[in-house]
Amino acid sequence: QVQLVESGGGLVQAGGSLRLSCAASGSTFRVKAMGWYRQAPGERRELVAGNNAAGKTTYADFVKGRFIISRDNAKNTVYLQMNSLKPEDTAVYYCAADPLRVDYRRLPDYWGQGTQVTVSS
């Protein structure tokens, strides 16, 4: 099995920045792709950013130019640098991992428990 543990969430003012981290452990050989989803209250869980086994990155339109996903393969860790945060970015952010891809084509196999990000106006 694969365990994903997120960190770095919190409260920030609009225009500020946060950096989320997610470390994978366990059967990490199963993890070829990692990324992030988010879910706001009353809303569906949606893709924020992810990659596939070939290294191609996908960003949701609503974060392009503001968020950057990166990965440290040696540490089995994925990061999400979030800049120019807006109140509408408020959500629980979930780390996701998969043997193939984290993008719009399929739901990932593995999920973290989520970390709250709150952006005040």
Local electrostatic count, Ser7, Cβ distance below 15 Å [Lys/Arg +1, Asp/Glu -1]:
0
What pairs from Lys32/Lys56; Lys64/Lys86; Lys56/Lys86 go past 19 Å between their alpha carbons?
Lys56/Lys86
Can you tell me the mean projection area, over all orientations, of the convex hull of segment 48-110's alpha carbons? Units nm², please.
4.6
Relative contact order, percent, of the chain when contacts are C-alpha pairs under 8 Å separated by at least 6 residues?
37
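Any read-out appearing in this document is the output of simple, stated calculations on the displayed coordinates, not a laboratory observation. Values in this document were obtained by computation on a predicted structure and should not be read as measured data. Counting neighbours? That spans all protein chains shown, and the Cβs are built from the backbone with ideal geometry, glycine included.
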